[in-house]
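Notes follow the structure.
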Amino acid sequence: MRADGVELGAVFVLLLALVWRAGEWVAPGAAGTLNLLLGVCAAALVLHAWRRTGVTLAALGLARDRLGAGVASAALVSLAGAAALAAAGAALGSLSFGADRFGWLADYLPGIAAQQLLLQGFFAPGIRRLAAPRAGAQRDRVTIAVATAAFVALHAPNPALMLGVALAGAFWIAHFLAHRNLLAVLGSHLVLGVAAMAALGPGPMLNLRVGPGALALLGR
């Protein structure tokens, strides 16, 4: 369990350094190289953890026999969330389906996949192993709470995004623990992300910026 704690902490710090563009602060002239190194180190630690724990496709939610699991419940909650966002956007007068609301999507798709793979395949199982002394239901609650908190922290200081991530992240982790279907939570992430941008626009969502980018927009 000690190895889990070290790996979780190290990967979290590395991701936080990437989010906050540590390379630009430490070595402005070589920021790209340093940020790449941080990303490679994080990926290497995750791969090491998977090798150490003998992770399988089933554990990552990619087993063929799980691809249909929980799809209906994920779709129901995601569509309900999208409807709530659309209603909020209509009330605020910010709802729009213009092309400008979807220009971010192509660049964001790899990020959605990486976030869910890290959240469901690395952070949640690592935290769950650390919570092993607790009973089953309590262990799951601790896993959901701690993994969601880490996910929220990586989206700071964007208030709207952090709130959305807190609600959606807790659902995604709980759903994955119950159904072990990565594609279901990926689909949910995509639906809710698109709905949030269409409903609230770049203003409240700060163009999905985190770290210094969000901080700069908040300071305007």
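A few points about this structure:
- Against the conditions (1) exposed (fewer than 13 other Cβ atoms within 10 Å of the Cβ); (2) modelled with pLDDT under 95; (3) outside the structural domain of A132 (by TED's automatic domain parsing), F97 satisfies every one except (3).
- Odd one out for A124 among (1) at pLDDT below 95; (2) on the phi < 0 side of the Ramachandran plot: (1)
- Any helices (runs of 4 or more DSSP H) falling wholly within the range 128-220 and containing at least 2 residues that are of a type outside the set (D, E) and more than 25 Å from G89 (Cα to Cα): 136-153, 159-179, 182-200
- Verdict on R134 being basic (K, R), buried (at least 18 other Cβ atoms within 10 Å of the Cβ), at pLDDT below 95 and assigned by TED's automatic domain parsing to the domain that holds P202: no
- Among the helices (runs of 4 or more DSSP H) confined to the range 1-77, the ones with at least 1 residues that are hydroxyl-bearing (S, T, Y) are located at 31-53.
Here is a yes/no grid of residues against (1) more than 25 Å from R21 (Cα to Cα); (2) in contact (Cβ under 8 Å) with a residue 40 or more places away in the chain; (3) hydrophobic (A, V, I, L, M, F, W, C):
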{"residue": "I144", "(1), (2), (3)": "yes, no, yes"}
{"residue": "A178", "(1), (2), (3)": "yes, yes, yes"}
{"residue": "S188", "(1), (2), (3)": "yes, yes, no"}
{"residue": "G203", "(1), (2), (3)": "no, yes, no"}
{"residue": "N207", "(1), (2), (3)": "no, yes, no"}
{"residue": "P212", "(1), (2), (3)": "no, yes, no"}
{"residue": "A216", "(1), (2), (3)": "no, no, yes"}
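The values are calculated or read from the model by the stated rules, or taken from the named source; none is laboratory data. None of these values were measured; they are calculated from a predicted model. Using ideal geometry, Cβ is built from the backbone for each residue, glycine included, and neighbour counts are taken over all protein chains shown.
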